Amino acid sequence: MQDIFQNASVTEWALLVSFWTMLLVVAWQDYREHIVHDGVLLAFSALNFVLLLILGRELKEILWGFVGGFLLYYPIYFLAKIFYKREAFGLGDVHFLMSIGLVLGARKTLAVGISSFYFALLMILLGRIFGKKWSRGEEFPFAPAMAIAAFVFSIAGDVILRWFLA
């Protein structure tokens with residue numbers, strides 16, 4: 001994990017800063033406004049895509065992460081919309097995971113997609129402890145949980161995956 005920070009090139013640092021900024025901006029917007037703005041995702045995704053190409057990342061790997069984010073969360077969005085007869089799981093969350101997948105690749109995106117639900121549960125429990133209670137019908141800002149998971153996997157994803165898959 002220290003190698004990530006010690007041996008990073010300027011372009012790698014630019015990618016990390018851009019990615020982490022995207023996570024922070026989207027998480028904050030969703031927490032405050034209960035919306036994930038596609039324009040923000042598009043701008044950061046375009047910048048991150050260019051940085052990934054400069055770094056020599058294979059186009060196939062980039063696209064698999066992007067598509068993996070879609071394939072993981074779109075069925076949840078679709079089924080939740082049918083079950084609740086309204087948008088219960090936002091399409092912005094699907095787009096956010098696609099943008100995360102662009103940078104992290106398919107394996108880490110799958111891990112982020114799954115672990116986001118655990119981080120959301122932790123947020124709900126901490127909210128209850130500190131006096132914030134989400135009622136059953138109230139919107140829960142899911143992007144902050146996704147952002148936390150993506151941040152963790154951007155730093156220690158390889159170590160975590162090795163530990164779980166060993």
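The values are calculated or read from the model by the stated rules, or taken from the named source; none is laboratory data. Note that the structure is predicted; figures quoted are calculated from it, not measured. Ideal geometry is used to build each Cβ from the backbone, glycine not excepted, and the neighbour counts take in all protein chains shown. The accessibility values were calculated without ligands, DNA or RNA, using every heavy atom of the protein model including side chains. Shrake-Rupley method; radii C 1.70, N 1.55, O 1.52, S 1.80 Å.
Things to note:
Condition check ((1) of a type in the set (Phe, Trp, Tyr); (2) at pLDDT 90 or above; (3) under 13 Å from the mean Cα position of the chain (by Cα)) across all residues:
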| residue | (1), (2), (3) |
| --- | --- |
| Met1 | no, no, no |
| Trp13 | yes, yes, no |
| Val25 | no, yes, yes |
| Asp30 | no, yes, yes |
| Asp38 | no, yes, no |
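- Residue check, Val112 at pLDDT 95 or above, of a type outside the set (Phe, Trp, Tyr) and buried (at least 21 other Cβ atoms within 10 Å of the Cβ): yes
- The listed residue being modelled with pLDDT of 95 or more, within 15 Å of Ala150 (Cα to Cα) and in contact with a helix residue (DSSP H, G or I) (Cβ under 7 Å, 6 or more places away or on another chain), out of Phe49, Phe19: Phe19
- With respect to the conditions (1) part of a helix (DSSP H, G or I); (2) within 18 Å of the chain's Cα centre (by Cα); (3) not small (Gly, Ala, Ser), Leu126 lacks only one, and its number is (2).
- Members of region 87-103 that are under 26 Å from Leu53 (Cβ atoms) and open to solvent by 20 Å² or more (accessible area, probe 1.4 Å): His95, Met98
- Residue within region 14-30 that is in contact with a His (Cβ under 7 Å, 6 or more places away or on another chain) and open to solvent by 60 Å² or more (accessible area, probe 1.4 Å) present: no
- Selection from region 68-83 of residues that are under 11 Å from Gly113 (Cα atoms) and small (Gly, Ala, Ser): Gly68, Gly69
Residue by residue, here is whether (1) over 30 Å from Ser9 (Cβ atoms); (2) aromatic (Phe, Trp, Tyr); (3) out of contact with any Cys (no Cβ under 9 Å at 6 or more places or on another chain) holds:
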| residue | (1), (2), (3) |
| --- | --- |
| Trp20 | no, yes, yes |
| Val26 | no, no, yes |
| Asp30 | yes, no, yes |
| Val50 | no, no, yes |
| Tyr73 | yes, yes, yes |
| Leu79 | yes, no, yes |
| Gly92 | yes, no, yes |
| Leu97 | no, no, yes |
| Ile100 | no, no, yes |
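- Residue check: Arg128 meets all listed conditions (1) out of contact with any Leu (no Cβ under 9 Å at 6 or more places or on another chain); (2) at pLDDT 95 or above but one, namely (2).
- Contact map, region 27-46: first residue under 19 Å from Ala149 (Cα atoms), second residue among the acidic types (Asp, Glu) and not in a helix (DSSP H, G or I), Cβ cut-off under 6 Å, separation 6 or more or different chains; pairs are His34/Glu139.
- Some residue of region 141-159 being free of Cβ contacts under 8 Å to residues at least 24 places away in the same chain, among the β-branched types (Val, Ile, Thr) and either at negative phi or assigned to a helix (DSSP H, G or I) (or both): no
- Qualifying position, being in contact with a Phe, Trp or Tyr (Cβ under 7 Å, 6 or more places away or on another chain) and within 17 Å of Gly90 (Cβ to Cβ), among Val36, Val40, Val25: Val36
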